[in-house]
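The values are calculated or read from the model by the stated rules, or taken from the named source; none is laboratory data. What you see is a predicted model; the values in this text were computed from it and never measured. Here the Cβ positions follow ideal geometry from the backbone for every residue, glycine too, while neighbour counts run over all protein chains shown. Calculation scope for accessible area: heavy atoms of the full protein, side chains included, ligands and nucleic acids excluded. Shrake-Rupley method; radii C 1.70, N 1.55, O 1.52, S 1.80 Å.
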Amino acid sequence: MSLRSIFDTRKKIHAADTISDFRRQKPASTLTMKKGRGGRGFGGERRDGFHYNRYQVPRQVASSSSNPNPVPAPASSNSATNPQNLVGTCPDMCPAKERAQRERLRDLSMLERVNGDATKTSPSLAVKKFCRTISSADVNVSDIRPLPVLKHTLDYLMKLLDSTNVPFEIVHDFIFDCTRSIRQDLTMQNLVSPEAAQIYQDIVKFHIISHQKLAKCWERPEISSLCHLNVEQLIKCLLSLFDMYQVIGKGKCVSNKEAEFYSLYVLLHLGNNLPKMGETLSLWYRQLAYSVHLAKEVQIAKKILRYAEMGNFKLFFSTVATDLTNLQFGLIEPFLNEVRARAIVQFNQSCYKLQPIPMRHLSELLMVKEEELEQLCKSCSLETSKDETGIRFLPCKQATFCIPKSGMPFNGISANQSI
């Protein structure tokens, strides 16, 4: 046997003895933890005998040799040690510490400034901003607003929707951010009650009003992204509201407006370019209570969606004009021209080329003014014609139809058209 092979054999024997000695000397209280990606434990990392999780309070890891009567760690008077028992104490719409910091950094909205001064605000004007990244270990109860203050803040924000001193886009951006902060405070305090559900309902109303007003500025290119983000938060608010209905009511009616808000989720499916809403509508129907299925608002919403998919545009527009609530109509009004575009496509493809469609007949069917319908056709790259008597027609079999990239024009229901 060579010297090199003898040396390798001795190294293996020595390594085996070392491993066996380590296993014999390993104490029973040694902590073990599953390793995830990057060598960290699933759900958190271990530091000094603690499991850390961003959604949970740090807890001592149990072991066989741990003290049966551990001494609890002293709780800070300013921080929240248990998120489930967290109760905010901030009396103002914006914490004093945040107000001072934003005054120093000139981080004040136009609606928060005193006499237009970017370095001065007041408790009656400043509203807490939304913070995207926040740690539960750094939360102070003095920075979180309790439920009555959140209700007062939202009432103040809803009054700002009628402001005419500043452009609506600025008002929308301000309320949009502040309502996200309100939802964040509700979540951090784990508030689930009829009062909290009412706050979510009011936030949904804000998003629908903004959805309607922003759609009227469709010609401006920056409005498209605002509309998309607004509808995205609207969907999130609705889903959170439905979860709250389930927890509070256990299948019973929580609010007399509950069915109306469920119907809004159905009507959202009329839009073509909406954010992804998760599961299909047929699976979502299976989760509804039987009483909600039978509610008038839900039944009407399902009829409207079915009429649009079947191409029964006469029944679609007549039902929209007569049976919808103000909230339902405000939600689908920006989608009406998308439905009209579908109708124009079907008429263009199915009718004879030598028999153009009178624009007056189309305007009565789609419940829109003739001039507005002509504008919609032009925006979809369709040409219209006029005979010697001045009557306008839509020629059929045109191959130039396309959805405008800048968005659809905004046209509601014309009151002059017959139902």
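The table for this structure:
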{"quantity": "Listed residue pairs exceeding 27 Å between alpha carbons, taken from 236/296; 216/353; 314/386; 129/296", "calculated": "216/353; 129/296"}
{"quantity": "Model label zone, residue 361; criterion: amide N under 16 Å from point 7 Å along Cα-to-beta-carbon; scope segment 279-319", "calculated": "313-314"}
{"quantity": "DSSP-assigned coil residues among GluC sites (Glu not before Pro) in segment 301-384, each with at most 15 further Cβ atoms within 10 Å", "calculated": "383"}
{"quantity": "For residue 99, solvent-accessible area (1.4 Å; no DNA, RNA or ligand), Å²", "calculated": "40 Å²"}
{"quantity": "Cβ-Cβ FRET estimate between residue 192 and residue 389, R0 fixed at 51 Å, reported to 0.05", "calculated": "0.20"}
{"quantity": "Debye log10 I(q)/I(0) for segment 214-365, one point scatterer per Cα, at q = 0.17 Å⁻¹", "calculated": "-1.07"}
{"quantity": "Heavy atoms of residue 155 accessible to a 1.4 Å probe, total area in Å² rounded to 10", "calculated": "60 Å²"}
{"quantity": "FRET efficiency for residue 177 and residue 110, using Cβ-Cβ distance with R0 set to 22 Å, rounded to 0.05", "calculated": "0.95"}
{"quantity": "Area accessible to solvent at residue 113, 1.4 Å probe radius, in Å²", "calculated": "80 Å²"}
